[in-house]
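Enquirer: Pasting a structure below so you can have a look.
The values are calculated or read from the model by the stated rules, or taken from the named source; none is laboratory data. Just so it is clear, the model here is predicted, and its values are computed rather than measured. All Cβ positions, even for glycine, are placed from backbone atoms using ideal geometry, and neighbour counts span all protein chains on display. These accessible areas exclude ligands, DNA and RNA; they are computed on the full protein's heavy atoms, side chains included. Shrake-Rupley method; radii C 1.70, N 1.55, O 1.52, S 1.80 Å.
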Amino acid sequence: MSQIFSRFSISNIKKQLLEIWPTTVIGILVSLGGAGFTVLIAELTDNPIWKLAKDPAEVMNFPPYIGMLSNWSVILWITTAVICLFGAVVLKKQNAPKDTLRFIIGSGLLSLILGIDDLYRLHDKIFPRMFHAPESFFYLLYFFTFLIYLMFFTTQILKYDYLLFGAAFFLLVISRRIAVIIPFFDQFMTTGDMLKYFGIVFWLAFFYRTVLHEINALINKTA
């Protein structure tokens with residue numbers, strides 16, 4: 001019991017405050033930034049702030065499972081981004097090769113962008129209105145973004161479980177109703193959504209194994 005109370009001593013509290021002050025400052029800035037941005041969007045869209053602060057299901061008064069698969073997709077995108085970006089921090093501290101770090105950081109940022117895009121439907125709702133351009137333009141923009149990504153990182157991808165990446169890329173491409181229609185799903189207009197979800201699952205699997213491989217390699221090297 002005395003050990004527990006000793007953790008609350010003045011010296012321990014001072015020590016912890018000195019250690020966490022950068023994180024505390026960042027936390028305050030992120031909190032204020034998120035709240036401030038919410039207020040700003042509410043003002044720009046003439047919506048009450050509570051509509052932007054509460055859960056969509058509560059605001060629209062519909063069951064919380066509506067949009068379930070879409071929400072899972074966003075969670076998987078963001079999970080991939082977190083794995084990559086946190087993994088990059090760990091690998092950087094262990095002096096991992098720069099080309100590996102660039103690949104993992106770039107993939108994490110791309111996953112984060114795709115997750116945010118899916119969450120707020122930027123490419124099919126917001127951007128077309130903001131820039132007065134058709135939705136197809138933003139699909140084309142994403143297509144070229146992926147081409148540039150592959151141009152820079154194909155060599156890195158081939159070092160790992162590229163079959164997982166290939167499956168993810170293939171499923172994400174055909175999810176745009178380019179080539180495949182699944183009869184049962186298509187009658188409910190969900191072919192693209194299902195295939196995209198499958199693609200994101202394999203995307204996450206690839207980057208989970210990639211980051212784990214690199215961390216394990218560094219552990220074995222320093223052991």
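Yes/no per residue for (1) open to solvent by 60 Å² or more (accessible area, probe 1.4 Å); (2) at pLDDT below 85; (3) under 21 Å from the mean Cα position of the chain (by Cα):
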residue: 109; (1), (2), (3): yes, no, yes
residue: 113; (1), (2), (3): yes, no, yes
residue: 119; (1), (2), (3): yes, no, yes
residue: 133; (1), (2), (3): no, yes, no
residue: 139; (1), (2), (3): yes, yes, yes
residue: 145; (1), (2), (3): no, no, yes
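Enquirer: Quick test for you: out of 10, 20, 28, pick the one residue that is at pLDDT below 90 and either under 21 Å from residue 126 (Cα atoms) or among the hydrophobic types (A, V, I, L, M, F, W, C) (or both).
Expert: Testing whether each residue is at pLDDT below 90 and either under 21 Å from residue 126 (Cα atoms) or among the hydrophobic types (A, V, I, L, M, F, W, C) (or both) leaves just 10.
Enquirer: What tally of residues in the stretch 52-67 results from selecting those that are surrounded by 10 or more Cβ atoms within 10 Å (Cβ to Cβ) and either assigned to a loop (DSSP other than H, G, I, E, B) or at pLDDT 90 or above (or both)?
Expert: Selection size over the stretch 52-67: 5.
Enquirer: Next up: Does residue 71 satisfy being more than 21 Å from residue 154 (Cβ to Cβ) and over 21 Å from the mean Cα position of the chain (by Cα)?
Expert: no
Enquirer: Does residue 127 meet the test of being free of Cβ contacts under 8 Å to residues at least 12 places away in the same chain, closer than 25 Å to residue 169 by Cβ, surrounded by 14 or more Cβ atoms within 10 Å (Cβ to Cβ) and of a type outside the set (Gly, Ala, Ser)?
Expert: yes
Enquirer: Can you report the number of residues in the stretch 89-107 which are open to solvent by 10 Å² or more (accessible area, probe 1.4 Å), in a helix (DSSP H, G or I) and either acidic (Asp, Glu) or under 17 Å from residue 213 (Cα atoms) (or both)?
Expert: Going through the stretch 89-107 one residue at a time, the tally reaches 9.
Enquirer: Same structure again: From the list 76, 32, 17, which one is assigned to a helix (DSSP H, G or I), open to solvent by less than 60 Å² (accessible area, probe 1.4 Å) and either of a type in the set (A, V, I, L, M) or in contact with a strand residue (DSSP E or B) (Cβ under 6 Å, 6 or more places away or on another chain) (or both)?
Expert: 76
Enquirer: Cβ-Cβ distance below 7 Å, separation of 6 or more or different chains: which pairs start in the stretch 187-204 with a residue that is under 19 Å from residue 66 (Cβ atoms) and at pLDDT 85 or above and end on one that is of a type in the set (Ser, Thr, Tyr) and open to solvent by less than 10 Å² (accessible area, probe 1.4 Å)?
Expert: 196/73; 196/175; 197/73
Enquirer: How many residues are of a type in the set (D, E, K, R) and modelled with pLDDT of 95 or more when one looks only at the stretch 71-98?
Expert: Counting residues in the stretch 71-98 that are of a type in the set (D, E, K, R) and modelled with pLDDT of 95 or more gives 0.
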